């Protein structure tokens, strides 16, 4: 008989795995009527909650590439803090380790594999396929968070970057912009590429030009962000940036050239991280719920530890457009 999963219950109730998990765990954030429906459906389907041992017998390792860590408002910093809080609520310890580019390239495995009793690993921020493949051979209980690798069979949780990039571009078009560029090294990570594809879809749907000079890199081959962005001579009226940190740098570097945002050019970002609020102007962006991602990550890695034979899944978290101060409505001004 096929084992009933959270996905089965989610489909039956027309809701998300996260909502199902919260309802069955007795957590807040789920209405009483929906909670009752979920519990009744679970019982009807014969769902058996996976039981973890009283103690995991170890801790959870969290690996973060050093190049992605920026305590001053980065999305990964916020997501890491949410993960630690969620595991703490379950009396589970976390051990965090930064991976340098040199260690990744040399396939140097993290110290937490030998120095601590690590029973599962969350890889937060993209590491290369070869590195992850080597890591999984040692510790198969692995979750990729905020990225996926097409040649790696592992649990992944990602934001819906395609839809996010599409929404940002559609919003700019609705504000009257037709000359729109994209800032982000497209093949650097799966997240950036997905956001670029969303941007491209919106542009093609409206018959708008995709000019090569308006596709602007923001990082080196080793994924280190540029200190300064290099712009083409002729700028579009708007730029879609792959993340808030890049958008922040774009606004700063344009200002140094005497170009004002949003008076002269509009800029949007992604993640709704702290840096989007401290920027001047504040950055229109896509909000990604770090708490929701952390909840799903915790339940997924613990489920993997409890039952290593579960099929792997790629799970997505949708984001919402947050309108701030970095976009000028040129359609209204033209009228």
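Please treat every number below as a calculation from the coordinates, not as lab data. On a predicted model such as this, the values are computed, not experimentally measured, just so you know. Positions of Cβ are backbone-derived with ideal geometry, glycine not excepted, and every protein chain shown enters the neighbour counts.
Before moving on, here are some points about what is shown:
- Residues of region 306-335 with an amide N closer than 16 Å to a point placed 7 Å from the Cα of residue 280 along the Cα-to-Cβ direction: 325-326.
- Averaged over residues, the count of other Cβ atoms within 10 Å places the peptides 325-332, 256-263, 192-199 in the sequence 192-199, 325-332, 256-263, highest first.
- Rg and Dmax of region 166-266, both derived from C-alpha coordinates alone, stand at 12.7, 36 Å.
- Cα-projected label distance for residue 45 with residue 3, points at 7 Å along beta-carbon direction, nm: 1.4
- Peptides ranked, highest mean first, by Cβ atoms within 10 Å: ranges 281-287, 137-143, 170-176: 281-287, 170-176, 137-143
- DSSP-defined beta bridges in region 193-335 - what % are antiparallel, rounded to 5: 45
- Between residue 256 and residue 134, the modelled label-to-label distance comes to 3.6 nm, taking each label 7 Å out from Cα in the direction of the beta carbon.
- Extended-chain gain in nm, criterion 0.36 nm per residue less alpha-carbon gap, residue 85 and residue 100: 2.9 nm
- Size of region 211-308 as Cα extents on the principal axes (Å, biggest first): 56, 29, 23
- With R₀ set to 45 Å, the beta-carbon distance separating residue 233 from residue 15 gives a calculated FRET efficiency near 0.35.
- With neighbours defined as other Cβ atoms within 10 Å of a residue's Cβ, the residues 124, 239, 225 order from fewest to most as 225, 124, 239.
- Pairwise label distance in nanometres, residue 226 with residue 264, each label 7 Å out on the Cα-Cβ vector: 1.7
- Structure-derived P(r) over Cα pairs in 20 Å bins from 0, in percent: which label, when the choices are [x] 24, 45, 24, 7, 0; [y] 36, 60, 5; [z] 30, 53, 17, 0: [z]
- Principal-axis analysis of the Cα atoms of the chain puts helix 244-256 at an angle of about 20° to the longest axis.
- Helix 190-205 axis, angle to the chain major axis (alpha carbon atoms, nearest 10°): 50
- Sorted by Cβ neighbour density within 10 Å, fewest at the top, the residues 307, 8: 307, 8
- Ranked by how many other Cβ atoms sit within 10 Å of their own Cβ, fewest first, the residues 68, 162 fall in the order 162, 68.
- Dimensionless Rg over Rh [region 6-45; C-alpha; Kirkwood]: 0.89
- Only helical runs count toward this figure. For the chain, summing -39,500 (n - 2.57) over DSSP H runs of n ≥ 4 and dividing by all residues gives -12000 deg cm²/dmol at 222 nm.
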